[in-house]
Ligand code: DSN
């Protein structure tokens, strides 16, 4: 190896080795992330990372897929069980890719679609800048109830009746409370629209039975990520409870060949292990996650923070939203940077009223990963105290970091999973 190559490789590998450090010693609180279990990691770190298996189990375009057929067939069955669905495709390589697949299956270019606006917490794939624009759809966003942090039911129902979308899309990336889906899905079905629910953030809570049950509340299709509250490797799911085989074929075709070729077999194997672990431990994990989010929100409010949605008990999901200054002031960005210096990893987030994604006033916090490491309500109070020391008391973040590392050192294992 030349000196140049040696230096490049060591720069890369040093950064790879370091990359997990602050997550392992601090508080990982990004609401869209999670930690994988040792057995999921083993499945992901396999030879499958370099293989192809286009098609479905037993119907492949390549030889050499027998073992992977076993893995994917088990995975489809487990996904149907865990999500209580008659159809599951476990191939999408991300939540966004499962959304692109669902849009390919459900609508044609030029069709109208209704969705949550990104300013109100909708995902970028629900927007013109993302998958909705890619499919050439005419987007109409729901009127929003800022106090309840959900679509304004009457106004959104009227909007669906007026605009008559071909598809009513629900779900978001800022997701504190269940969507009033039953009411709005009924209206959408009345005017002949299909209903899609993007459960990316809350999929583990849905499967754990603690949030809402979209496939029984009117969603024709549910998409989601396999790595947010569902604690698997990065990837996606496409799910439905429609029993029509023709519809199943349409969904499968939208995934392959529609939107995926290689679908990252090592991650699929990891998803299947995660599904099995979820079947065993998921309900308890989901309950503990929501309990911790409520505890963190209450503790932050007690410490003096402006926590959103107090009137509704702050949250019913894994997420908590805090406001740190005036609308569009960038106070959320500053707060996230200060917390990072103390070993607390969060993300700035737009709150109602903010108009600029890079200078928002808020933070979006998630407790699912801390919960997976075994933290409970007592630790949530300690986490809130660390927030107060950094952001209200303005203590030197490196002093607070010592305390963060000390708290975290008692919670290094991954729980709610099988031991190797
Ligand atoms: N950008 C992710 C989130 O943090 O919500 C979703 O893809």
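The values are calculated or read from the model by the stated rules, or taken from the named source; none is laboratory data. Everything quoted here is computed from the prediction, not taken from an experiment. So basically every Cβ, Gly included, is an ideal-geometry build from the backbone, and we count neighbours across all protein chains shown.
Number of residues in segment 350-368 that are touching a strand residue (DSSP E or B) at 6+ places or on another chain (Cβ under 6 Å) and over 11 Å from residue 30 (Cα atoms) equals 4. Give me the residue from segment 120-159 that is surrounded by 23 or more Cβ atoms within 10 Å (Cβ to Cβ) and more than 16 Å from the ligand (Cβ to nearest atom) and, out of that set, nearest to residue 313 (Cα to Cα). Applying the filter and picking the extreme gives 150.
Considered as a group, the residues in segment 160-176 that are within 16 Å of the ligand (Cβ to nearest atom) and touching a strand residue (DSSP E or B) at 6+ places or on another chain (Cβ under 7 Å) include one that is farthest from residue 314 (Cα to Cα), and that residue is 169. Total residues in segment 15-32 satisfying the condition of being within 16 Å of the ligand (Cβ to nearest atom) and under 21 Å from residue 403 (Cα atoms): the figure is 4. The selection criterion, being more than 16 Å from the ligand (Cβ to nearest atom) and in contact with a strand residue (DSSP E or B) (Cβ under 8 Å, 6 or more places away or on another chain), does not hold for residue 223.
Here's the yes/no breakdown for (1) at pLDDT 95 or above; (2) under 26 Å from residue 311 (Cα atoms); (3) within 21 Å of the chain's Cα centre (by Cα):
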residue: 160; (1), (2), (3): yes, no, no
residue: 182; (1), (2), (3): yes, yes, no
residue: 194; (1), (2), (3): yes, no, no
residue: 230; (1), (2), (3): yes, no, yes
residue: 238; (1), (2), (3): yes, no, yes
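All conditions but one from (1) at pLDDT 95 or above; (2) more than 16 Å from the ligand (Cβ to nearest atom) apply to residue 420; the one that does not is (1). Before we move on, is residue 395 within 26 Å of the chain's Cα centre (by Cα) and free of Cβ contacts under 8 Å to residues at least 60 places away in the same chain? Against the criterion (within 26 Å of the chain's Cα centre (by Cα) and free of Cβ contacts under 8 Å to residues at least 60 places away in the same chain), residue 395 does not qualify.
So in segment 344-356, with the set limited to residues that are closer than 22 Å to residue 145 by Cβ and surrounded by fewer than 21 Cβ atoms within 10 Å (Cβ to Cβ), which one is nearest to the ligand (Cβ to nearest atom)? Before the answer, list the steps.
Restricting attention to segment 344-356, the residues satisfying the condition of being closer than 22 Å to residue 145 by Cβ are 349-355.
Now restrict to residues that are surrounded by fewer than 21 Cβ atoms within 10 Å (Cβ to Cβ): 352-353, 355.
On the way: 352: 17, 353: 19, 355: 19 Å.
Filtering first and then ranking leaves 352.
Applying the set (1) within 16 Å of the ligand (Cβ to nearest atom); (2) modelled with pLDDT of 95 or more; (3) closer than 21 Å to residue 273 by Cβ to residue 96 leaves exactly one unmet item: (3). Of the residues in segment 45-53, at least one is in contact with a helix residue (DSSP H, G or I) (Cβ under 9 Å, 6 or more places away or on another chain), in contact (Cβ under 8 Å) with a residue 12 or more places away in the chain, part of a helix (DSSP H, G or I) and surrounded by 16 or more Cβ atoms within 10 Å (Cβ to Cβ). Only one of the numbered conditions (1) within 16 Å of the ligand (Cβ to nearest atom); (2) farther than 30 Å from residue 386 by Cβ is violated by residue 63, and that is (1). Taking segment 101-119 as the region of interest, how many residues are within 16 Å of the ligand (Cβ to nearest atom) and crowded, with 24+ Cβ neighbours inside 10 Å? Total satisfying the criteria: 5. When residue 374 is tested against (1) in a loop (DSSP other than H, G, I, E, B); (2) more than 27 Å from residue 149 (Cβ to Cβ); (3) touching a helix residue (DSSP H, G or I) at 6+ places or on another chain (Cβ under 7 Å); (4) touching a residue at least 24 places away in the same chain (Cβ under 8 Å), only condition (3) is not met.
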